Every structure is written in structure tokens, then in C-alpha cells.
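Encoded as C-alpha cells, the structure appears first; notes follow it.
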Amino acid sequence: MRPEDRRHEIVEMLVEQGSATLEALSERFAVSKMTIHRDLDALEAEGRLRKLRGGATLESSGQFESDFRYRARMAGEEKARIAAHAAGFVEPGMSVMVDDGSTSQTLAPHLAMIRPLTVITNNLGLITELSGKPGIELIALGGNYASKFNGFFGVLTETALRDLRADMALISSSAVSGRSAFHQDQEVLGVKRAMIASAARRYLMVDHLKFGRTALHLLADLDAFDGVVTGDALERARAEALRQDGVRLHFAERD
């Protein structure tokens, strides 16, 4: 097996399992642990995984955000409820910007039912699901494709956003600490910030697992958003503290 093929398979294995030991990877691919070490070093340099002592993981950290497919598995039902609730703020005739997040892609079936609607997004999954839908004017943002995030980023994306204005932006983030939202990747952050700046109203979509965590780059203070949509599993004490700070929380309740 060629090294690039093996490295692809290592990432696919981690998407399924979350983490793996050097020994397990060595046995799986019938190569030495030193070869696996080199593979993990290369994949870590590409930002595809996080190397640990004795193995590797796709678990997020303050400086590493995991593959979008792995993130989609985390709190999946809660993210679906958050997306459904956030879509309730969107009305026919609006223009809405949507970012690359795993929660954002679950907006697709809800947005498809709100017609007419203009959707502006860099999220390839959302572009694929909404393309050709009746009543949906889809503006796909170009740029450099990042397979890890399944979206488009960079100067072209941000320049396009500066020339656009929308009624609303639905944004996700990987961490919320105190009254601020954070993200690990600077390039991803640039697109999210550009959407916030180009929208008249903004809502942040974050599941309860994102609270109490931080990441390398500040995205925005929570008061930059007209509301924060989260799940009802958020700790009551944390929710009350945020409300007392003036943060407008919206809970996506279970059916």
C-alpha cells in the first residue's frame, strides 16, 4: 500500500473510532511502528489528526479541530434539534448566510422548506443538498476547498463575503468560554467573522458540549449575536450565569 493510501485509511479509521494506538495501527496495516510514527507525523502536520503518546486521536483540543465527519457524530441529535430551532428564525424572502459547521449542514431540510429564500454558504454539504431545490437561490462561496471542514475558505471566500449583505447569519463555533466564542483554525475563523460582519442579524449555534471549553482564536463575544441556540442539556447554573450577563439563550427542546 502506498504511504498516501495508508494515511488516508488511517484517517478513515479514526473517523470511525475516534482514536487508535500505535500497536493497533501497526497491526491493521502490517507495517512497523516506526512507519506509523512517520505517517502520524505527516498527518499531524497537515492538521488531519492529533498525535498522542502511543497513538493518535481526532478528539478536538484548544488548537486542533477534528474532521467534520467525526464532529457530525458528536451530539448528533442535539445538533439536529438546534438546527431546526435556528431555522425557525428564518422567514420567506430572507437572505441567510450559513457557515461550514457540522450543525450548519443539518439546516438543509429546514431551509429547503422556507421559500423563497437566498442561501449564501461555503459549506459544501449544504451546497450539495440545496442545489436545484425549488424556491432556493443558492450563492455558493468559492475559495480553497478544505476536506477536513468540507468547505471553502481563504481570500476569495472572504472577499466575496465583504461584497455581500444578508438579513441573517447562522454561525457555529467549536468552543464557548465565559461569554466568548472561540475556534481553533484561523482561516475558518476569517470566514465566520466575515459572515458576522455582513449580516444584519446573527445567531450562534452550539451544542452543550462546547461550553466550558476554549480554543486558540477568539471568534466573538456572545453579545455580538442576537441569540445563542443550544440544547436543553446545558447546565442550569451556566445558563443562568449567561442570562444574567445579558446573553439571549434559546433552547432546542426535545420532542
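The values are calculated or read from the model by the stated rules, or taken from the named source; none is laboratory data. Just so it is clear, the model here is predicted, and its values are computed rather than measured. So basically every Cβ, Gly included, is an ideal-geometry build from the backbone, and we count neighbours across all protein chains shown. Surface accessibility is based on the protein's heavy atoms, side chains included, excluding ligands, DNA and RNA. Shrake-Rupley method; radii C 1.70, N 1.55, O 1.52, S 1.80 Å.
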*Inspect segment 21-28 for any residue being in contact with a strand residue (DSSP E or B) (Cβ under 7 Å, 6 or more places away or on another chain), among the hydroxyl-bearing types (Ser, Thr, Tyr) and over 30 Å from Met195 (Cα atoms) and give the result as yes or no.*
yes
*Consider only pairs whose beta carbons are under 8 Å apart and that are at least six residues apart or on different chains; among these, list those whose first residue lies in segment 114-143 and is assigned to a loop (DSSP other than H, G, I, E, B) and whose second residue is polar (S, T, N, Q).*
Asn122/Thr157; Leu141/Thr121; Leu141/Asn122; Leu141/Thr157; Gly142/Thr157; Gly143/Asn122; Gly143/Thr157
*Could you list all residues from segment 152-183 that are open to solvent by 10 Å² or more (accessible area, probe 1.4 Å) and farther than 28 Å from Met94 by Cα?*
Ser177, Gly178, Arg179
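Can you go through Leu130, Leu117, Leu124 and tell me which one is out of contact with any Gly (no Cβ under 9 Å at 6 or more places or on another chain) and surrounded by 18 or more Cβ atoms within 10 Å (Cβ to Cβ)?
Numbers: Leu117 fails: out of contact with any Gly (no Cβ under 9 Å at 6 or more places or on another chain); Leu124 fails: out of contact with any Gly (no Cβ under 9 Å at 6 or more places or on another chain).
None of the others qualify; the one that does is Leu130.
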*Starting from segment 194-205, take each residue that is under 15 Å from Gly101 (Cβ atoms) and list its partners that are of a type in the set (Lys, Arg) and open to solvent by 10 Å² or more (accessible area, probe 1.4 Å), counting only C-beta distances under 6 angstrom and pairs at least six apart or across chains.*
Ile196/Arg202
*asked:* Given the criterion of a type in the set (Asp, Glu), open to solvent by 40 Å² or more (accessible area, probe 1.4 Å) and either modelled with pLDDT of 95 or more or closer than 18 Å to Ser174 by Cβ (or both), identify the matching residue among Glu59, Glu78.
replied: Glu59
_What are the pairs with Cβ atoms under 8 angstrom where one residue, in segment 2-25, is within 15 Å of Ser147 (Cβ to Cβ) and open to solvent by 20 Å² or more (accessible area, probe 1.4 Å) and the other, located anywhere, is among the charged types (D, E, K, R) and modelled with pLDDT of 90 or more? Sequence gap at least six, or different chains._
Arg7/Asp39
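Mind telling me which of the residues Ala224, Ala220, Ala181, Ala199 ends up being modelled with pLDDT of 95 or more, within 23 Å of Pro116 (Cα to Cα) and among the aliphatic types (A, V, I, L, M)?
Values: Ala224 fails: within 23 Å of Pro116 (Cα to Cα); Ala220 fails: within 23 Å of Pro116 (Cα to Cα); Ala181 fails: within 23 Å of Pro116 (Cα to Cα).
Every option except Ala199 fails the conditions.
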_Among (1) assigned to a helix (DSSP H, G or I); (2) out of contact with any Asp or Glu (no Cβ under 7 Å at 6 or more places or on another chain); (3) not basic (Lys, Arg) - the single one Glu91 does not satisfy_ = (1)
*All but one of (1) in contact with a helix residue (DSSP H, G or I) (Cβ under 6 Å, 6 or more places away or on another chain); (2) under 25 Å from Ala84 (Cα atoms); (3) open to solvent by less than 20 Å² (accessible area, probe 1.4 Å) hold for Leu138; which doesn't?*
(3)
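Only residues that are of a type in the set (Ser, Thr, Tyr) and within 25 Å of Tyr145 (Cβ to Cβ): list them for segment 170-219, please. Break it down stepwise before answering.
Of all residues in segment 170-219, those of a type in the set (Ser, Thr, Tyr) come to 172-174, 177, 180, 198, 203, 214.
Matches in segment 170-219: Ser172, Ser173, Ser174, Ser198.
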_Take residues that are within 24 Å of the chain's Cα centre (by Cα) and tell me which of the helices (runs of 4 or more DSSP H) falling wholly in segment 1-75 contain 3 or more._
3-17, 33-45, 68-73
*Kindly indicate which of Val188, Val119, Val155 is over 30 Å from Glu235 (Cβ atoms), aliphatic (A, V, I, L, M) and out of contact with any helix residue (DSSP H, G or I) (no Cβ under 8 Å at 6 or more places or on another chain).*
Val155
_So Glu187 ticks every box in (1) under 21 Å from Val228 (Cα atoms); (2) in contact (Cβ under 8 Å) with a residue 40 or more places away in the chain but one. Which box is left unticked?_
(1)
